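The values are calculated or read from the model by the stated rules, or taken from the named source; none is laboratory data. Fair warning: this is a prediction, and the values are worked out from it, not measured in the lab. For neighbour counting, all protein chains shown are included, and Cβ atoms are generated from backbone atoms with ideal geometry for every residue, glycine included. When the accessible area is computed, the model is the full protein with side chains, heavy atoms only, and any ligands, DNA or RNA have been set aside. Shrake-Rupley method; radii C 1.70, N 1.55, O 1.52, S 1.80 Å.
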Amino acid sequence: MKRYLSFRILRSIISIFLVTTITYGVIYTMVPRRNVFKEDINYGKLKGKPDELANYENTAFSKMGYIDYLPSKDLIDTVSEEHEGLTGESTAENKAILEEWSKANGWTLHQLPISQAFYATKDIPLPQRVFRFYANMIQIDHPWKVQDPDNPDLERSLRFTKDETVGWALVGSGTQFKYQIYFDKQFPFIHQNIVHLNLGVSYPTFAGQDVTTVLTGGQGKTDSQEVTFPTGVTSKSAVDLTSRQYQPIAKLSSKEKRLFDDNYTITQNNYRDPSMMKTSFSMGVIAVLLAYGVGIPFAMLMARYKGKLPDRMGIGLVTVLISVPSLAFIYFFRFIGSNFLGLPDTFPTLGAGDIRSFILPTVILGMLSISNIVIWIRRYMIDQQSADYVKFAKAKGLNAREIARKHIFKNAAIPIANQIPASIIGAITGATITETVFAVPGMGKMLPDSILANNNPMVIGLVFIFTTVAVTSILVGDITMAMVDPRINLAERGE
């Protein structure tokens, strides 16, 4: 079993790597890089300022991994270490020095249109971009993470203590985040800032924010409450003190010095609405549970009355569900729900604060998977009705309902477990359409929005997350099958 799991985990990692890498390669080679500015409002505003526009373009390309970029000041500071007397003036002598350095180090020298200031760029080959993506994906926080030249005596430590702000926590000094591990009343109750997933920087939508922060951070209006800061100052604020990060001494403001007693002053806000990831995962889990909760009894009823009216009606309904395109299915039940049940036909109508906003998209997402579950379980239970153990149970005097519930259904756990990966993958693919139709602010809607906005880092990040969930669900499905059926021995070769 351990050997099997080791190989399956390795194969899962390779599968995630291949899918993400292929997607990365397709996007960064086939989509013209200039398309990223199509939906950028700021780009159009800078067209009358050529110097600022050039800097804006190169900064954006650098954040997205297309190029390495040295602005004028950085270029002069770098080259002047080798050539004393170099200045930023656009003289022939300075240009000759910079051109020589650029050619020797693989850079291309440029000048701004108006000021004629020098800057340099270097195109990053695709294999190197992919390598950087994976090399920087896992970020580990530690006491030597912060390097602040203005604070050479910074204490570097990790200690588990009862903090006045958050209670018992693993508190770091010299780490990027102050609270490495802390506890609160929100699921999953134990939180950590030691390991972070770096999926790049979002652009042009949510420009400048980490992809992970966009997907996991709250949404909507900020949630302001009475907050007592470390210095004892109390005020109404939306800051989340558990997210405190190190701020270099040179950047500390007078307000931050008044509110905080150390350099950990960078904070995120609390928001009223859940994150994209929480919204999508909550809806997906409930949809899968709903699909099984409805599909299993429905399949058992059809199998019990095989060939009779309930079975015929069920087959007709399942056939319709399979035949109707998903988009038509979603719009039809959205119409029924909004016109006859009074439920909102779009998520923003009532917002995340009202449970009714989640009902239609979640129910429809679950219904998209019911037909496959019903077909599998019905077919299996009908096949089992002619098995010897069923005949023996009948001979003991058990009625059809008892036989189906106590005996056949136990064996039906195998196809139920077998459908787990398909149901989870179906929830992922269905969420992309469902969330878009209902304008649900989740990861499913974010994927097509990011494609249309040419937000390449966000697309790569979402593909990585969806692929990881899909591949993991297949592994979980195999393990579950081995648990419910002792005849399946994953440790044997070829099983």
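For segment 94-204, the solvent-accessible area works out to 59 Å² per residue, with a probe of 1.4 Å and every protein chain left in place.
Note that segment 313-422 shows a convex hull volume over its alpha carbon atoms of 148 Å³ per residue.
Of the three principal axes defined by the Cα atoms of segment 356-474, the extents in descending order read 66, 31, 16 Å.
Scaling against 2.2 N^0.38 Å puts the C-alpha radius of gyration of segment 120-180 at 1.64. In segment 77-200, the ratio of gyration radius to Kirkwood radius, Rg to Rh, stands at 1.19 when only Cα atoms are counted.
If you take the Cα centroid of segment 267-319 and the Cα centroid of segment 145-189, the two points sit 42 Å apart. Return the tail of the calculated pair distribution for the chain, meaning the percent of Cα-Cα pairs more than 37 Å apart. Cα-Cα pairs in the chain separated by more than 37 Å: 47 percent.
Reported to the nearest whole Å, the Cα centre-to-centre distance from segment 437-473 to segment 111-136 is 26. Solvent-accessible surface (1.4 Å probe) assigned to Leu368 amounts to roughly 50 Å². Amide H contacts of Thr265: Gln245, Gln247, each under 5 Å away and 5 or more positions distant or on a separate chain (H built 1.01 Å from N in the peptide plane; Pro and chain starts excluded). Scanning residues 5 or more positions from Asp210 or on other chains, those with amide H under 5 Å from its amide H are Ser202, with H placed 1.01 Å from N in the peptide plane.
Within the straight-line cut-off of under 17 Å between alpha carbons, the lysines reachable from Lys278 are Lys185, Lys221, Lys445, sequence neighbours fewer than 8 places apart in one chain being disregarded. Considering only Ile296, Ile14, Ser275, the residue lying farthest towards the positive end of the dipole of the chain is Ile296, judged by Cα position with unit charges set on Cβ. FRET efficiency for the Arg159 to Asp68 pair, using the beta carbon distance and R₀ = 56 Å, is estimated at 0.90.
Ordering 456-469, 98-111 by mean Cβ neighbour count within 10 Å, with the highest value first, yields 456-469, 98-111.
Tally up the carbon and sulfur contribution to the accessible surface of segment 135-191 as a whole percent, 1.4 Å probe, everything protein left in place.
Working: 2090 of 3730 Å².
Looking at segment 135-191 in its full context, I get 56 percent from C and S.
Using the Cα centre as the reference, give the magnitude of the dipole from point charges on the C-beta atoms of the chain (Lys, Arg: +1; Asp, Glu: -1; all else neutral), rounded to the nearest 20 debye. Write down the numbers at each step before the final one.
Working: 50 positive and 44 negative charges, 655 e Å.
Roughly 3140 debye for the chain.
Computed from the alpha carbon positions, the gyration tensor of segment 9-121 leads to an equivalent ellipsoid with semi-axes of 34, 21, 10 Å, biggest first. Sites listed here are trypsin sites (Lys or Arg not before Pro) in segment 1-56 whose DSSP assignment is loop and whose Cβ has at most 16 other Cβ atoms within 10 Å: Lys38, Lys47.
For segment 147-231, the Kirkwood hydrodynamic radius comes to 15.6 Å, computed from all pairs of different C-alpha atoms.
Can you list the DSSP H helices in the chain whose Cα atoms extend at least 15 Å along the helix axis and whose mean Kyte-Doolittle hydropathy is 1.0 or higher? In the chain, the long hydrophobic H runs are 276-304, 309-323, 326-340, 420-438, 456-484. To the nearest 10, the accessible area of Leu301 is 80 Å² with a 1.4 Å probe.
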